[in-house]
Amino acid sequence: MVADISSRAKVIARLRVGDIGFRWLTKGAAIGVLLILGGVMTSLVIGSLPALREFGFDFLLTQRWNPVTEKFGALAPIYGTLVTSFIAMLIAVPVGLLIATFLTELCPMWLRRPIGIAIELLAGIPSIIYGIWGLFVFAPFLQDTLQPFLISAFSNVPVLSALFEGPPYGIGMLTASLILAIMVLPFITSISRDVFDAVPPVLKEAAYGIGCTTWEVVRYVVLPYTRVGVIGGVMLGLGRALGETMAVTFVIGNAHKVSASLIAPGTTISATIANEFTEAVGDLYTSSLIALGLILFGITFIVLAIARYMLLRIERRIG
Amino acid sequence: MTSAKSSSLYSGRRRRNVIMMALSIGATLFGLGWLVLVLGALLWEGFSGLSLAVFTEMTPPPGSAGGLLNPIVGSLILTVLAVIIGTPIGMLAGTYMAEYGRYDKLSSVVRFINDILLSAPSIVVGLFIYEVMVYPMGHFSGYAGAVALAVIVMPVVVRTTEDMLILVPNQLREAAAAIGMPRAFVIGKVCYRAAKAGMVTGVLLAVARISGETAPLLFTALNNQFFSTNLNAPMASLPTVIFQFALSPYKEWQQLAWSGALIITFTVLALSIGARALAASSKQS
C-alpha cells in the first residue's frame with residue numbers, strides 16, 4: 001500500500017517534470033524565432049560595418065560601383081529597386097482591385113472558387129520560373145513589340161521621350177517591372193478579395209436599395225469600408241516586390257547606372273547581391289554587398305510592419 | 001426638363017458602371033492570361049526536352065547532353081533536411097503561442113516578428129547564413145543550404161500550427177484536463193490530434209515554398225557539377241542549376257533549365273493542391 005502510494009507519487013513527479021519541461025521547450029522555441037530575426041539584423045549590421053565605415057553616408061548617395069578600385073555606392077541599386085517596385089504597384093494595384101471586384105460582385109458563384117484558386121496558383125509559382133520565362137519568352141516579345149512602339153510613339157514628346165530612350169534591349173527596368181507586377185498581382189488580389197468579402201451585406205444592400213450601381217457600391221461603400229485592409233494588402237505586395245530576387249535578376253540587365261530611360265538595363269539591390277556575391281573578392285566588396293542587404297532588409301521591414309499593422313486593424317474591426 | 005436632366009444623369013451613371021464592370025472582367029482575363037502564358041510556355045519548352053535521361057544522368061559539361069540527376073537528389077536532400085530542422089522549432093513555437101501564452105506579450109511580439117520573417121526577402125536569409133555558417137566554416141556546404149531553407153520553413157509552420165491549434169475547441173482541452181491529464185499530455189494527445197490535418201498542410205505549404213527557393217541557396221549550398229551526397233561540401237540543387245544553365249549561352253544547358261523549371265513547377269503545384277485538398281477534407285469531417 002505504501003509502495004503503491006510512493007510509486008504513484010513518483011509517476012506524478014515525473015509527469016510534472018515532463019509538463020514543465022515541455023512548457024519551457026515551447027517557450028524556448030518561441031524565443032528562438034525572435035533570436036533568429038535578431039541574428040539576421042545583427043549579422044547584417046556587423047557584416048556591413050567595414051563598408052559603412054569606409055564610405056559613410058556617401059554609400060547611399062553615390063552611383064559608382066567599381067570592384068577594381070574598390071569604390072562602392074548604392075544609389076543605382078536603390079534607385080532600381082524603388083522604381084521597378086513603384087511601376088509594378090502602379091499596374092498591379094488597380095488590376096488586383098478590379099479582379100477582386102469581379103470576384104466579389106460580378107462573378108457567378110460556381111466560378112468564384114476556380115478563379116480564386118487559379119489566382120492563388122499564380123502566387124505559388126516559384127520566382128525562378130518567372131525569371132526563366134521572362135528571359136526567354138517575355139523579354140524577346142517586348143523587344144519586338146512594346147519597346148519599339150513606346151520609343152517611336154513618344155520620341156517627340158518632351159518628358160516621355162527621355163523615359164523611353166535608347167535601343168530596345170528586351171531586358172531592362174521596364175521588363176523587370178512588368179514581371180514584378182505579374183508576381184505581386186495574386187497577393188493584392190487575394191487579400192482584397194478577402195476584405196471585400198468581409199463587408200457586411202447589409203451595407204451593400206442598403207446602397208443597392210437607394211439605387212446605386214454596382215460600381216458606385218464598390219467605390220463608395222466597399223472601398224471606404226475596407227480601405228485599411230486594402231492598404232495592408234498593397235503594402236504586403238510591395239514588400240514582395242522590393243525583395244524579389246530571381247525573377248528580376250534574369251531580366252534587369254545588371255547595369256550599375258541610374259538612367260532616366262525605363263527600357264535601359266539597370267539593377268536592383270537583390271539582383272546585385274545575387275549576381276555578384278559569390279564572385280566578390282576582398283572584404284570591402286563583400287561588405288558593400290552585405291550593406292546593400294541591410295538596406296533592403298530595413299526598407300522591407302518598415303513596409304511589412306506597416307502592412308501587418310494595417311491588416312491587424314481591419315481584422316479587429318471585422319473579427 | 002428636369003426629367004431629361006435626371007435621365008441623362010442616370011444614363012451617365014449607367015455608362016460608368018458598364019465601363020468599370022467591363023474593366024473588371026478584362027482585369028480578370030488579364031490575370032488569368034498570365035497564368036496560361038507562363039504555364040503554356042513552361043509545358044511547351046519543358047516537355048520537348050523531358051526524357052528519361054533528365055532523371056538518370058548527371059549535369060553535363062557545356063555543349064553536351066546530360067540530365068539533372070545530381071541537382072534533383074541535392075534538392076531532395078536539402079528540402080528533407082530543412083523540414084527536419086525547421087518543423088520541430090516551428091511547431092513548438094506555434095504551440096507556445098496558441099496553448100501557453102495565447103494572450104501574453106511574448107506571443108504577440110513573436111507573432112509580429114514571425115509575420116515579418118514570413119515575407120522577408122529570402123536573399124537576406126542567404127546573407128545571414130553566409131555570415132554565421134559559411135564564413136566561419138570557410139567553405140560553402142549542404143548544411144548551410146539546409147539551415148537557410150529551414151529558416152524559411154519555420155515561419156510558415158509557426159503560423160499554421162498556431163492558427164490550427166487556436167481552432168481546437170476549448171471543451172476538448174477542459175475534458176482532457178478534467179480526467180487528470182497534465183497540460184503537456186493534453187496538448188500532445190488531444191490538441192495535436194485534433195489539429196493534425198491542418199499542421200500537415202502547413203508543412204506541405206512550407207515544402208512548396210522552399211522547393212523553388214533559389215536566392216538563399218546561392219551563397220550557402222552554392223552548386224556542384226558532380227554527384228555528391230556529402231553535406232559538408234557544396235551541393236547542387238535544381239533552382240541554382242536552372243539559374244546557372246538558363247543564363248548560359250549553351251543550347252543544351254538552356255533546354256535542361258526549362259526541363260528543371262517544369263519539374264519544380266509541377267512539384268510545387270502538386271504540393272499546394274495536395275495541401276488544399278487535405279485542408280478541405282479535414283474541414284468536412
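The values are calculated or read from the model by the stated rules, or taken from the named source; none is laboratory data. From a predicted model like this one, the values you see are computed outputs, not experimental measurements. All Cβ positions, even for glycine, are placed from backbone atoms using ideal geometry, and neighbour counts span all protein chains on display. Protein only, heavy atoms only, side chains kept; ligands, DNA and RNA dropped before computing areas. Shrake-Rupley method; radii C 1.70, N 1.55, O 1.52, S 1.80 Å.
Counting Cβ atoms of other protein chains within 10 Å of each residue's Cβ and taking the mean over peptide B:229-240 gives 1. Each peptide in A:198-209, A:278-289, B:236-247 gets a packing score, the mean of other Cβ atoms within 10 Å over its residues, and the list from highest to lowest is B:236-247, A:278-289, A:198-209.
Over the residues of chain B, the helix contribution to mean residue ellipticity at 222 nm works out to -24000 deg cm²/dmol, using -39500 (n - 2.57) for each DSSP H run of at least 4.
For region A:173-238, averaging the sequence separation of C-alpha pairs within contact (under 8 Å, six or more residues apart) and dividing by the residue count gives a relative contact order of 50 percent.
Roughly to the nearest percent, how much of the accessible area of chain A is carbon and sulfur, given a 1.4 Å probe?
Its accessible area is 68 percent carbon and sulfur atoms.
List the pairs from A:K27/B:K196; A:K10/B:K105; A:K10/B:K196 whose alpha-carbon separation is above 30 Å, in the order I gave them. Where the Cα-Cα span goes over 30 Å, the pairs concerned are A:K10/B:K105; A:K10/B:K196. Mean separation of Cα pairs under 8 Å and 6 or more residues apart, divided by the residue count, gives region B:144-202 a relative contact order of 47 percent. Taking θ as phi - 60° and the Karplus parameters 6.51, -1.76 and 1.60, the scalar couplings of region A:190-202 work out to 5, 5, 4, 4, 4, 6, 4, 5, 8, 5, x, x, 4 Hz in sequence order, x denoting glycine and proline. When +1 charges are put on Lys and Arg Cβ atoms and -1 charges on Asp and Glu Cβ atoms, the dipole computed for the protein assembly as shown relative to its Cα centre reaches about 2160 debye. Peptide B:264-274 has a mean shielding of 3, counted as Cβ atoms of other protein chains within 10 Å of each residue's Cβ. Screening chain B for whole DSSP H helices of 20 Å or more along their axis (Cα) with average Kyte-Doolittle hydropathy at least 1.0 returns B:69-95, B:142-167, B:196-211. Here the simple spin-label model places points 7 Å from the Cα toward Cβ, and for B:F226 and A:M41 these points are separated by 4.4 nm. If you place +1 on the Cβ of every Lys and Arg and -1 on the Cβ of every Asp and Glu, how big does the dipole about the Cα centre of region A:1-133 come out, in debye to the nearest 20? The dipole of region A:1-133 has a size of about 660 debye. Residues whose amide H lies under 5 Å from that of A:F164, counting only those 5 or more places away or on a different chain, are A:L262; hydrogens are built 1.01 Å from N in the peptide plane. Using a 7 Å offset from Cα along Cα-Cβ at B:F266, what residues in region B:27-48 end up with backbone N under 14 Å from the label point? Counting backbone N atoms under 14 Å from the label point, the list is B:42-48. Candidates A:F102, A:G21, A:P200 compared by Cα position along the dipole of chain A: farthest toward the positive end lies A:G21, with charges placed on Cβ. Please enumerate, by chain and number, the aspartates and glutamates with C-alpha under 14 Å from the C-alpha of A:K204, excluding those fewer than 8 residues away in the same chain. Once the sequence-local aspartates and glutamates are set aside, what remains near A:K204 is A:E105, A:E216. Going by Cα centres, region A:199-215 and region B:53-90 are how many Å apart? After rounding, the separation between the Cα centres reads 54 Å. Computed on region B:69-197, with alpha-carbon pairs under 8 angstrom and 6+ residues apart, the relative contact order is 37 percent. Only DSSP H runs of four or more residues enter the estimate; each adds -39500 (n - 2.57), and after division by the residues of chain A the mean residue ellipticity at 222 nm equals -24500 deg cm²/dmol. These residues, B:W44, B:W34, go from largest to smallest accessible area, 1.4 Å probe, as B:W44, B:W34. If you sort A:I129, B:I19 by accessible surface, 1.4 Å probe, largest first, the order is B:I19, A:I129. About its Cα centre, the dipole of chain A is roughly 1260 debye, where the only charges are +1 on Lys and Arg Cβ and -1 on Asp and Glu Cβ. Comparing A:A241, A:A13, A:A29 in a Gaussian network model of chain A where C-alpha atoms under 10 Å apart are linked, the largest mean-square fluctuation is found at A:A13. Note on B:R193 and A:I302: their simple-model spin labels are 5.2 nm apart, each label 7 Å out from Cα toward Cβ.
If R0 is taken as 25 Å, the Cβ-Cβ distance between A:F86 and A:L203 corresponds to a FRET efficiency of 0.15. Between B:A53 and B:H139, the FRET efficiency estimated from the beta carbon spacing at R0 = 30 angstrom works out to 0.45. Cα centroid separation, region A:87-111 to region A:276-293: 41 Å. For B:N223, nonlocal amide neighbours, meaning residues 5 or more places apart or on other chains whose placed amide H falls under 5 Å from its own, are B:M235.
Label positions at A:L15 and A:Y220, each projected 7 Å from the Cα along the C-beta direction, are separated by 6.5 nm.
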